[in-house]
Amino acid sequence: MSDYEDKPQPLIEHLMELRTRLMWAIGAFFVAFVCCFFFAKQLFNLLVVPYKWAVVWAGLDVTKSELIYTAPQEFFFTQVKVAMFGALVIAFPVIASQIYKFVAPGLYKNERSAFLPFLIASPILFLMGGALVYFFFTPMVMWFFLAMQQAGGDGEVAISLLPRVSEYLSLIMTLVLSFGLVFQLPVVTTLLARVGLLTSDWLREKRKYAIVIAFVVAAVLTPPDPMSQIGLAIPTIILYEISIYAARLVERKRREDSETAESSSDVAETDKA
């Protein structure tokens, strides 16, 4: 008996199903957005905590640290962006589950069982990347920028860092998204290895090119400073090595399954004989 459970449906029913899934996803995002916008200032203050840590690392008075906005509407739209960013994070499980429910009927049982662990691992890895940005990378980058200030005197002009709220939010959102996407590398390579598009040997052969690409991607995704670029490139290279190991595990599991199937086939032929 085939384990393919998808039933033929007219195109209109597929479109109605898609509409239902989209409504659930958009509804979840909208509810999360309203809640996040209500607490937008508190969420932004939470995002400012890494900047305060950087101020302390730089040996400055944390009570004098401040962010500014130079346009009347700037802080309002910054709160809207904070709410949208928070809503996307909160609603992601619902959005991902709706995508999976729409796609799952067209998959075999073994394909669904193989895909589900990656659906769980993907947000976990994204949160790990975001946590690395929040607790280590953002304070380090802001400390680097704060260290460039000048106190003034002795022929030097006083130069102080006064970050704008919109620019600080753009910086931390860019870093979180960049690290979150890069942390998906093991998931993507493992999926490609399962379908036979990648092998661990091929990944090892392309390692030197991957290192170059890691620094190029880091230069594109991060702010134009060496701290950010190196900080993203090094985890990318480490994740690439993890991807090679994950691909090797997939290949080993495939060989074991193949050997088991061959053994079962030999046993069945012996019994018939």
Checked pairs for the stretch 122-142, first without any contact (Cβ under 8 Å) to a residue 12 or more places away in the chain and closer than 22 Å to ILE95 by Cβ, second among the acidic types (Asp, Glu) and assigned to a helix (DSSP H, G or I), C-beta under 9 Å and 6 or more apart or across chains, list as none
Please indicate, with yes or no, whether at least one residue in the stretch 184-193 is crowded, with 17+ Cβ neighbours inside 10 Å, hydrophobic (A, V, I, L, M, F, W, C), outside any loop (DSSP other than H, G, I, E, B) and touching an Asp or Glu at 6+ places or on another chain (Cβ under 9 Å).
yes
Kindly evaluate MET173 against the criterion of being within 13 Å of the chain's Cα centre (by Cα), assigned to a helix (DSSP H, G or I), in contact (Cβ under 8 Å) with a residue 12 or more places away in the chain and more than 30 Å from TYR245 (Cβ to Cβ).
yes
Please count how many residues of the stretch 143-169 are free of Cβ contacts under 8 Å to residues at least 40 places away in the same chain, under 36 Å from the mean Cα position of the chain (by Cα) and more than 17 Å from VAL56 (Cα to Cα).
2
Of everything in the stretch 198-250 that's in contact (Cβ under 8 Å) with a residue 12 or more places away in the chain and not in a helix (DSSP H, G or I), which residue is surrounded by the fewest Cβ atoms within 10 Å (Cβ to Cβ)?
ASP225
The condition of being modelled with pLDDT of 85 or more, in a helix (DSSP H, G or I) and not aliphatic (A, V, I, L, M) holds, among PHE102, PHE115, PHE136, PHE144, only for PHE136
Can you report the number of residues in the stretch 246-259 which are among the β-branched types (Val, Ile, Thr) and modelled with pLDDT under 75?
0
Residue within the stretch 31-49 that is assigned to a helix (DSSP H, G or I), loosely packed, with under 15 Cβ neighbours inside 10 Å and of a type in the set (Lys, Arg) present
yes
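The values are calculated or read from the model by the stated rules, or taken from the named source; none is laboratory data. Computed from a prediction, not measured in an experiment: that's the story for all the values here. Don't worry about glycine lacking a Cβ; one is built from the backbone with ideal geometry, like all the others, and counts go over all protein chains shown.
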